[in-house]
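Undergrad: Take this structure first; my questions come after.
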Amino acid sequence: MTKQKTMKKVILIFGILSLLIFIKPLLGFSSNATNTTVSTSVSQTESIVEKTFVDEALDGIGEFYHFTGFANAQSGHIIMILIGIIFIYLGIKFDYEPLLLIPIGAGVMLGNIPFVAGYQTGIYEEGSVLNYLYFGVVKGIYPPLIFLGIGAMTDFSSLIANPKLMLLGAAAQIGVFATFLGALYLGFNLPEAGAIGIIGGADGPTAIFLSSKLANGINVLADGTTVKNLIGPIAIAAYSYMALVPVIQPPIMKLLTSKKERLIRMKPPRAVSQKEKMIFPIVALLLTTFISPSALPLLGMLFFGNLLKESGRTERLAETARTKLIDIVTIILGVTVGASTQADVFITKDSMMIFGLGALSFVIATAGGLLFAKFMNLFLKGDDKINPLIGAAGVSAVPDSARVVHAEGIKADPHNYLLMHAMAPNVAGVIGSAIAAGIILSFLG
Amino acid sequence: MTPILLYTDPLVEGYIILITGLLIVFAGLILLTVFFKYGMPIMLYIYKVITRGRDKKVKDISPKVNQDFTGEIAAAISVAIHLYLDEQHDEENAILTIKQARKLYSPWSSKIYSAYRNRL
């Protein structure tokens with residue numbers, strides 16, 4: 001043991017010595033600086049070389065400084081980095097959709113590190129790594145893959161057991177169309193307004209899909225103007241409001257429902273046979289895509305994923321789709337969408353308006369679902385009556401809004417478990433918002 | 001898909017999209033509702049009739065599903081099965097200890113042979 005220790009010491013001393021020898025020229029000592037026998041002329045040239053060397057080094061450092069974030073930082077960058085940190089904080093501290101907020105928050109920081117343009121660094125610079133990853137967002141590749149995973153993890157049985165709850169998913173889509181109209185009034189052109197409207201669908205992938213088709217900064221309108229690139233603001237608005245569902249929805253629920261209505265107990269849904277579960281994705285795929293073919297990439301993948309889950313023969317594929325695949329896509333999607341919020345592109349008046357409209361759309365969608373549930377109750381009798389709270393789950397935001405409904409139901413009556421009932425309008429909301437996206441796309445695409 | 005602009009005023013166009021869009025979304029989901037409310041039971045009934053055993057008569061087959069067996073019961077049973085299967089494997093205490101294993105001498109692993117091999 002002692003031998004080893006002394007060996008270590010020897011190696012350490014030797015290492016330090018050799019390091020010093022290598023560093024010496026860098027520190028400005030020439031190898032013969034200590035040599036006293038050198039003639040004066042030689043030492044003079046040596047000193048000149050020394051000086052220029054130090055200057056060059058300083059110039060180099062100065063040059064380097066110009067490339068650092070410190071030299072290029074602007075207030076926009078700092079604000080966006082702070083927003084990124086807030087996203088991460090919200091995700092960690094309050095558990096608001098951490099799987100989305102943490103990648104997006106990290107992406108926001110990544111996208112707003114100040115850099116010198118022209119070196120293939122930024123997400124909007126052609127050829128940069130982030131730009132390649134962003135390709136999947138711009139071309140709308142990631143959203144259908146996410147939908148495949150969602151399909152493979154969603155159980156539609158509560159919807160099959162109680163198909164009338166499907167209407168709540170449709171009712172909440174009023175948020176989409178109302179926001180669309182609001183955006184038009186604020187002066188956005190039609191495709192942009194369509195893309196902004198879909199924030200009300202409370203569905204991140206759908207929002208990205210539609211904005212990548214309509215407001216991508218590439219399409220040219222009939223009058224010759226190019227649409228703005230609003231993918232970043234729309235995606236961020238959609239995802240942040242989705243994460244804030246537990247904050248936005250409860251006050252509206254309390255406002256629009258009476259205590260008595262919140263106490264309504266729904267009869268337990270019937271058991272659904274495996275056959276029905278298998279038929280559902282096939283029939284729903286055919287019906288919905290025949291109605292709205294533009295939503296094919298989304299709905300097709302959603303129901304395909306569900307078929308993988310329910311067929312009972314492709315468990316391996318379903319398992320991959322709902323775990324590894326969706327995780328990989330979520331990571332890349334989150335980071336790139338976050339990074340697309342580069343301050344100079346993101347901090348604009350348009351983005352602020354989109355955020356305002358987004359909040360409004362969530363409120364309208366929630367109210368639409370709640371009010372429609374109350375409207376349905378006018379026609380339903382006895383234990384068929386539905387608890388209007390579950391209408392709020394009609395905004396998709398799977399499964400967060402269903403959880404919020406459940407939590408609110410528990411607050412009114414600790415033994416009223418609404419989660420299973422709320423999942424029905426919740427998944428119907430996903431279908432509804434994808435259909436709505438398809439309709440908007442076919443009108444304006 | 002070419003944009004069909006019926007009117008030049010985007011607001012008018014917006015209202016048209018609002019109304020038609022909502023109608024289509026509702027129509028689509030109502031169609032699904034109707035199918036799963038009425039179409040599916042009929043389909044399943046027909047399937048039952050087609051695949052019935054020889055000895056069974058058509059009138060014995062009921063299109064009604066068992067109303068008493070609710071989703072909640074199914075959920076309770078599946079949770080119970082899940083918990084039971086989870087317990088099949090006893091829980092490890094997850095504490096790893098490294099114990100000194102008593103080394104058995106074996107000429108195969110002995111250093112002394114390789115050290116003195118050259119002398120042989």
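The values are calculated or read from the model by the stated rules, or taken from the named source; none is laboratory data. If you're wondering where the values come from, they're calculated on a predicted model, not measured in any experiment. Note: ideal-geometry Cβ built from the backbone for every residue, glycine included; neighbour counts use all protein chains shown. Heavy atoms of the whole protein, side chains included, go into the accessibility calculation; ligands, DNA and RNA do not. Shrake-Rupley method; radii C 1.70, N 1.55, O 1.52, S 1.80 Å.
Undergrad: Quick one: net charge of A:Val283's neighbours, Cβ under 14 Å, K/R +1, D/E -1?
TA: +1
Undergrad: Turning to a different aspect of this structure: At what distance in nm do the modelled label points of A:Lys275 and A:Phe67 sit from each other, each positioned 7 Å from its Cα along Cα→Cβ?
TA: Taking the simple label geometry, A:Lys275 and A:Phe67 are separated by 7.0 nm.
Undergrad: While we're looking at this one, here's another question. Ignoring ligands, DNA and RNA, what percent of the accessible area of chain A is carbon or sulfur (1.4 Å)?
TA: The C+S portion of the solvent-accessible surface of chain A is 70 percent.
Undergrad: Here's a follow-up. In square nanometres, what is one fourth of the surface area of the convex hull spanned by the alpha carbons of segment A:294-445?
TA: Across all orientations, segment A:294-445 yields a mean hull projection of 12.6 nm².
Undergrad: Give me, ordered by chain and number, the residues 5 or more places off A:Arg270 or on other chains with an amide H under 5 Å from its own placed amide H.
TA: So A:Arg270 has HN proximity to B:Gly71.
Undergrad: Using only alpha carbon pairs under 8 Å that are at least six residues apart, calculate the relative contact order of segment A:139-294 and give it in whole percent.
TA: Computed value for segment A:139-294: 22 percent relative contact order.
Undergrad: If you don't mind, another one. Give me the distance between the Cα centres of segment A:167-220 and segment A:410-435, rounded to whole Å.
TA: 23
Undergrad: Restricting attention to the alpha-carbon atoms of segment A:127-250, what are Rg (one decimal) and Dmax (integer), both in Å?
TA: Looking at segment A:127-250, its Cα Rg and Dmax stand at 16.2, 51 Å.
Undergrad: With n ≥ 4 as the cut-off for DSSP H runs, can you work out [θ] at 222 nm for chain A, using -39500 (n - 2.57) per run divided by the number of residues, rounded to the nearest 500?
TA: -22500 deg cm²/dmol
Undergrad: Further question: Cut-off 10 angstrom, C-alpha nodes, Gaussian network model of chain A. Which of A:Val398, A:Val129, A:Val108 fluctuates the most?
TA: Most flexible of the set in this elastic network: A:Val129.
Undergrad: Can you tell me, using C-alpha contacts under 8 Å and at least 6 residues apart, the relative contact order of chain A as a whole percent?
TA: Here the relative contact order equals 24 percent.
Undergrad: Can I ask one more? Can you give the FRET efficiency to the nearest 0.05 for A:Ala407 and B:Ser110, using r as the Cβ-Cβ distance and R₀ = 56 Å?
TA: 0.20
Undergrad: Going through the cross-link list A:Lys139/A:Lys213; A:Lys277/A:Lys374; A:Lys93/A:Lys349; A:Lys277/A:Lys324; A:Lys139/A:Lys228; A:Lys259/A:Lys385, which pairs have a Cα-Cα distance over 19 Å in this structure?
TA: A:Lys277/A:Lys374; A:Lys93/A:Lys349; A:Lys277/A:Lys324
Undergrad: Have a look at A:Leu168, A:Leu110, A:Leu133 and tell me which one the Gaussian network model of chain A (Cα, springs below 10 Å) gives the largest fluctuation.
TA: A:Leu133
Undergrad: Can you tell me the 0 to 90 degree angle between the C-alpha axis of helix A:98-111 and the longest principal axis of chain A, rounded to 10?
TA: Roughly 40 degrees between the two axes.
Undergrad: Beyond 35 Å, what percent of the Cα pairs of the protein assembly as shown remain?
TA: 51
Undergrad: Residues of segment A:260-281 with the amide nitrogen closer than 12 Å to a label point 7 Å from the Cα of B:Phe69, along Cα-to-Cβ, please.
TA: Within reach of a label on B:Phe69, which here means backbone N under 12 Å from a point 7 Å along Cα→Cβ, segment A:260-281 contributes A:271-275.
Undergrad: Total Å² of accessible surface buried at the A-B contact, 1.4 Å probe, nearest 100?
TA: 3700
Undergrad: Something else now. Just subtract the alpha-carbon distance of A:Phe14 and A:Tyr132 from 0.36 nm times their residue separation and send over the number in nm, one decimal.
TA: Here the segment from A:Phe14 to A:Tyr132 would lengthen by 37.8 nm.
Undergrad: Say R0 is 56 Å: what FRET efficiency, to the nearest 0.05, do A:Gln74 and A:Phe379 get from their beta-carbon distance?
TA: Given R0 = 56 Å and the Cβ-Cβ separation, E is 0.45.
Undergrad: Would you kindly state how much longer the chain becomes between A:Asp59 and A:Met352 on full extension, computed as 0.36 nm times their sequence separation minus their alpha carbon distance, in nm to one decimal?
TA: Result for the pair: 101.3 nm of gain on full extension.
Undergrad: With angles folded into 0 to 90 degrees, how steeply does helix A:75-94 sit against the dominant principal axis of chain A? Use alpha carbons for both and round to 10.
TA: For A:75-94 against chain A, the angle is about 60 degrees.
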